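Asks: Have a look at the structure that comes next, please.
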Amino acid sequence: MKRFSVRYLAVTGMLVAVSAVLASNYCTFYITPAIRISFRDIPVIFASIYCGPLAGLICGVCADLLGTLVSGLGFYPLITISAALIGLLPGLICRLGFKKHPFGFISIVTGVFACNILANIGWTTLSLKWLYGMNFWVLLSVRLPQYLIMACVESYLIFLLVRTLNRVYCDRMSYEETLNYIHTINWRGSKLGLSRTIELLKLLHNPEKKLRFVHIAGTNGKGSTAAMTASILREQGYKTGLFVSPYVVRFNERMQINGEHISDSELARIVSKVKPYAESMKVPPTEFELITAVAFTYFFEHSCDIVVLEVGLGGELDSTNVIDTPEAAAITAIGYDHTRILGDSIEKIAEAKAGIIKDGGEVVFYGTDEAAMPVIREACERHKAVLSVPEFDKLSLHSYDVNGQSFSYKERNNLWLPLIGEYQTRNAALVLEVVEALKRRGWEISEEAVYIGLHNVRIPARFEVLSRAPVFIVDGGHNPMGVDGSMRTAERLFPGRKFRVIMGVMADKDVDSILRRVVPQTERFYAVAPDNPRAMEAEELSRRACELGAAASPFETVEAAVRAALFEAGSEDIILALGSLYMAGDIREFIFERNKEERDGKAVDGH
């Protein structure tokens with residue numbers, strides 16, 4: 001039994017009553033005077049499998065005693081022993097013989113047939129011989145077909161009941177407990193590889209095998225590319241899942257269906273469902289591997305038509321790479337990041353990203369890096385995959401401001417994108433090539449869906465304007481390539497200006513390269529440490545910025561840095577919050593709350 005909680009005691013008591021009712025003559029159907037169909041054992045067997053063998057034992061004995069009182073028949077201890085066996089055996093067999101998958105169809109069938117053969121056909125038949133002096137073989141010939149048939153019926157009904165309850169009323173954690181469980185999983189000591197993810201998904205009946213994907217890898221632009229692709233597919237009418245990493249404000253952002261984040265209760269339910277299987281593994285999954293399994297389960301249970309799947313890190317050994325050939329694989333811009341894991345050259349990093357290329361697939365590659373291109377091309381040839389590369393010379397920008405940008409690509413004119421990063425139109429061109437690849441795979445995507453999908457895309461913390469006086473922009477550029485794109489966009493929008501920069505970075509990044517790009521355009525530098533164990537200390541970041549000539553100061557919290565920047569800035573100044581996405585959520589929340597207070601104050605004054 002899982003534990004003697006009030007709920008399990010209540011469930012067991014209810015099952016005792018149901019079993020007693022089902023044992024009555026009103027719920028028993030006679031095929032012949034000697035052969036009958038009774039469903040009295042189903043509640044007892046269910047209690048044993050779902051609540052545990054001890055609960056089943058208690059339920060079987062109590063149901064037999066209650067049935068004796070209700071029917072007015074005599075008490076026969078030998079028959080009560082049979083009832084106890086019926087309650088004990090299924091749970092024991094499912095838990096001891098099928099530890100990794102106690103609620104699977106095979107384990108339930110085995111448990112049900114075992115209790116029927118050993119208890120109903122064996123022990124009860126022998127008991128009736130002793131009680132009434134009847135011929136054992138005659139009794140056995142009558143009871144054998146009856147209980148074998150009932151075992152088939154009981155197995156199917158109990159499996160359906162267990163599966164239904166696991167989906168709608170599992171023993172779930174609270175939302176807070178769920179997040180604590182996810183974030184406390186220790187990844188240290190685990191080797192890179194897909195074996196743990198494959199094992200966990202197999203225990204969950206491989207939900208990823210029943211889904212179709214657009215798989216997206218790369219160093220920069222993965223999140224934007226994923227969001228644009230999902231927006232277009234959603235606009236076309238497909239039920240579209242989106243899996244991204246990391247989140248900005250709330251963990252739930254990582255799993256979305258048609259733009260809606262997974263709910264707190266749904267996340268808690270699915271994690272509670274996955275948890276026992278993860279904990280049954282000899283080598284448990286890492287945090288990201290667990291999250292990936294949860295996401296696949298979520299998208300499968302909600303029958304998504306297609307899932308836009310962003311790689312967490314690398315490609316080849318990333319836990320998302322357990323999927324079969326996707327409908328399209330997109331590889332965005334490749335640069336230096338996670339070099340200790342992926343390799344210290346563009347070729348090695350490209351090789352890791354190329355791991356998502358599979359046999360016979362459609363592949364779209366950003367294609368601007370000359371060192372990466374031969375690696376991607378060779379992988380496509382090896383897997384007989386079709387390679388497409390955006391033709392950026394056919395990309396033209398018409399207008400841009402802090403609200404978005406208008407552009408054309410190939411035959412599509414006057415597209416509007418509400419994302420203002422200079423790099424975003426190139427990401428959009430990559431997405432348009434993904435659309436063409438999907439069309440070649442038979443997906444219907446109209447021009448209207450393309451235009452409206454790009455027009456409606458929203459991505460937090462991707463050069464996002466949070467306020468106008470002063471202009472306050474937050475961007476999640478977290479490596480040299482990403483920060484360079486952020487600074488180019490800022491310089492294009494505000495030529496000749498210098499910026500107040502709030503920055504927090506991870507210590508494992510190329511911090512010096514990032515600072516060399518930012519400091520020359522910085523009027524004032526506010527150093528912070530994002531809420532992450534990998535974050536560089538604010539004092540160290542400030543010291544390095546000062547060495548490069550910045551007027552830099554460290555701040556204990558992100559909020560303190562934002563307050564200082566706003567206090568010192570004039571209405572015409574520009575504040576850039578750059579670096580880790582881990583701090584972007586705190587900044588957005590603070591600025592939005594400040595803007596709300598200002599609006600409320602003006603409303604009161606106006607009233």
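Asks: If you go through the stretch 275-285 one residue at a time, how many are crowded, with 23+ Cβ neighbours inside 10 Å and either of a type in the set (V, I, T) or not in a loop (DSSP other than H, G, I, E, B) (or both)?
Replies: 0
Asks: Let me ask you something else. Those residues that are over 24 Å from A350 (Cα atoms) and of a type in the set (D, E, K, R), I need them from the stretch 218-240; list them, please.
Replies: R234, E235, K239
Asks: Out of V501, V518, I need the residue that is open to solvent by less than 10 Å² (accessible area, probe 1.4 Å), under 28 Å from R594 (Cα atoms) and not in a strand (DSSP E or B). Which one?
Replies: When all the criteria are applied, what remains is V518.
Asks: Any residue at all in the stretch 231-250 that is farther than 23 Å from E362 by Cβ, of a type in the set (A, V, I, L, M, F, W, C) and touching a helix residue (DSSP H, G or I) at 6+ places or on another chain (Cβ under 8 Å)?
Replies: Looking through the stretch 231-250, at least one residue is farther than 23 Å from E362 by Cβ, of a type in the set (A, V, I, L, M, F, W, C) and touching a helix residue (DSSP H, G or I) at 6+ places or on another chain (Cβ under 8 Å).
Asks: Follow-up question, since we're still on this one. Is it the case that R524 is of a type in the set (D, E, K, R), over 30 Å from N252 (Cα atoms) and part of a helix (DSSP H, G or I)?
Replies: In short, no.
Asks: So I357 clears everything in (1) touching a residue at least 40 places away in the same chain (Cβ under 8 Å); (2) surrounded by 22 or more Cβ atoms within 10 Å (Cβ to Cβ) except one condition, right? Which one?
Replies: For I357, the failing item is (1).
Asks: So K202 fits all but one of (1) crowded, with 20+ Cβ neighbours inside 10 Å; (2) modelled with pLDDT of 85 or more; what number is the exception?
Replies: (1)
Asks: Kindly provide the set of residues from the stretch 213-247 that are surrounded by fewer than 19 Cβ atoms within 10 Å (Cβ to Cβ) and farther than 17 Å from I291 by Cβ, ordered by number.
Replies: Within the stretch 213-247, G237, K239 qualify.
Asks: Tell me, please, whether a residue that is within 29 Å of the chain's Cα centre (by Cα) and either surrounded by 14 or more Cβ atoms within 10 Å (Cβ to Cβ) or under 30 Å from R594 (Cβ atoms) (or both) can be found in the stretch 405-416.
Replies: Within the stretch 405-416, not a single residue is within 29 Å of the chain's Cα centre (by Cα) and either surrounded by 14 or more Cβ atoms within 10 Å (Cβ to Cβ) or under 30 Å from R594 (Cβ atoms) (or both).
The rows are residues; the columns are (1) in contact (Cβ under 8 Å) with a residue 60 or more places away in the chain; (2) buried (at least 22 other Cβ atoms within 10 Å of the Cβ).
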position: P390; (1), (2): no, yes
position: D393; (1), (2): no, no
position: R441; (1), (2): yes, no
position: E447; (1), (2): no, no
position: I459; (1), (2): yes, no
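Asks: Out of the residues in the stretch 326-345 meeting the condition of being surrounded by 18 or more Cβ atoms within 10 Å (Cβ to Cβ) and among the β-branched types (V, I, T), tell me which one is modelled with the lowest pLDDT.
Replies: Of everything passing the filter in the stretch 326-345, I334 is modelled with the lowest pLDDT.
Asks: Among the numbered criteria (1) β-branched (V, I, T); (2) under 16 Å from F213 (Cα atoms); (3) open to solvent by 60 Å² or more (accessible area, probe 1.4 Å), which one does V386 miss?
Replies: Looking at each condition in turn, V386 falls short on (2).
Asks: Any idea which residue in the stretch 556-575 is surrounded by the most Cβ atoms within 10 Å (Cβ to Cβ), counting only those that are under 19 Å from E540 (Cβ atoms) and touching a Ser or Thr at 6+ places or on another chain (Cβ under 9 Å)?
Replies: By that ranking, first place goes to A561.
Asks: Testing S553 on (1) of a type outside the set (A, V, I, L, M); (2) farther than 24 Å from R250 by Cα; (3) crowded, with 19+ Cβ neighbours inside 10 Å, one condition comes back false. Which one is that?
Replies: (3)
Asks: Considering F407, F392, which residue is more than 20 Å from H455 (Cβ to Cβ) and touching a helix residue (DSSP H, G or I) at 6+ places or on another chain (Cβ under 7 Å)?
Replies: Result: F392 is the single residue among F407, F392 that is more than 20 Å from H455 (Cβ to Cβ) and touching a helix residue (DSSP H, G or I) at 6+ places or on another chain (Cβ under 7 Å).
Asks: In addition: Within the group E539, E491, which residue is modelled with pLDDT under 95, acidic (D, E) and not in a loop (DSSP other than H, G, I, E, B)?
Replies: Within the list E539, E491, the selection yields E491.
The values are calculated or read from the model by the stated rules, or taken from the named source; none is laboratory data. Keep in mind that this is a model prediction, so the values were computed, not measured. When we count neighbours, we look across all protein chains shown, and the Cβ atoms used for this are built from the backbone with ideal geometry, even at glycine. For the accessible areas, the whole protein counts, side chains as well, though only heavy atoms, and no ligand, DNA or RNA atoms are used. Shrake-Rupley method; radii C 1.70, N 1.55, O 1.52, S 1.80 Å.
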